[in-house]
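> First the structure, which I've put down as structure tokens, then a few questions once you've had a look.
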Amino acid sequence: MLKRILTALFRMLARTIVSALKQRLRESLEEAVRPSRRVAAFKVDAKPFFFSLAENNFYGMLTEACRSLDLVVFPKVGLNDIFRDKYGADRGQYFRYAQMHVDFLLVSKEDYRPVAGIELDGTSHDTAKQQARDEKKNQVFKAAGLPLMRFYNAVPQTSESIRTKVEDVLTMARV
């Protein structure tokens, strides 16, 4: 009789251990499939405006000026969307420009090839820190052989004056 009781207890214990092992295995497999780090919920709001007032006014005049030049204007384009490192470039070079953007990119309407960048500079560009960033951006455009034009939002512009400057710069770039 004692043998039967011990056998029954052993079987119950074995079933309990096997059941616990199966449960642990299931949990381990679920954990392996689940991402290892939990991502906190984003706490963001949409900006009320994509452009500043100065950028919005300039964009309207720029698109009008570029229509007759068969150019398309793209606003706020990341430099990593325009440029790529040449073979043999320093390993960290990409990261020195990848997070920057140009206010406006002009591309050929025919094949969407980038032809020039445009920066609309305000008073924030008077600081030494911003001027250093601007110079870095100038160097990237120059290294790629792509013109970068700078307009100052304190200087009144018209569609015609913008078109003239764009034409002049693109003509000089072809020479």
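None of the figures in this text is laboratory data; all of them are computed from the coordinates on show. Computed from a predicted model, the values in this text were never measured in an experiment. Cβ: placed from backbone, ideal geometry, glycine included. Neighbour counts: every protein chain shown.
> Of all residues in the range 76-91 being farther than 16 Å from Ala143 by Cα and out of contact with any Leu (no Cβ under 8 Å at 6 or more places or on another chain), which is surrounded by the most Cβ atoms within 10 Å (Cβ to Cβ)?
Result: Gly78.
> Looking at the range 74-91 only, could you name the residues that are β-branched (Val, Ile, Thr) and in a helix (DSSP H, G or I)?
Within the range 74-91, just Ile82 meets the criteria.
> Out of the range 34-73, which residues are among the β-branched types (Val, Ile, Thr) and either in a loop (DSSP other than H, G, I, E, B) or exposed (fewer than 10 other Cβ atoms within 10 Å of the Cβ) (or both)?
Scanning the range 34-73 gives Val39, Val44.
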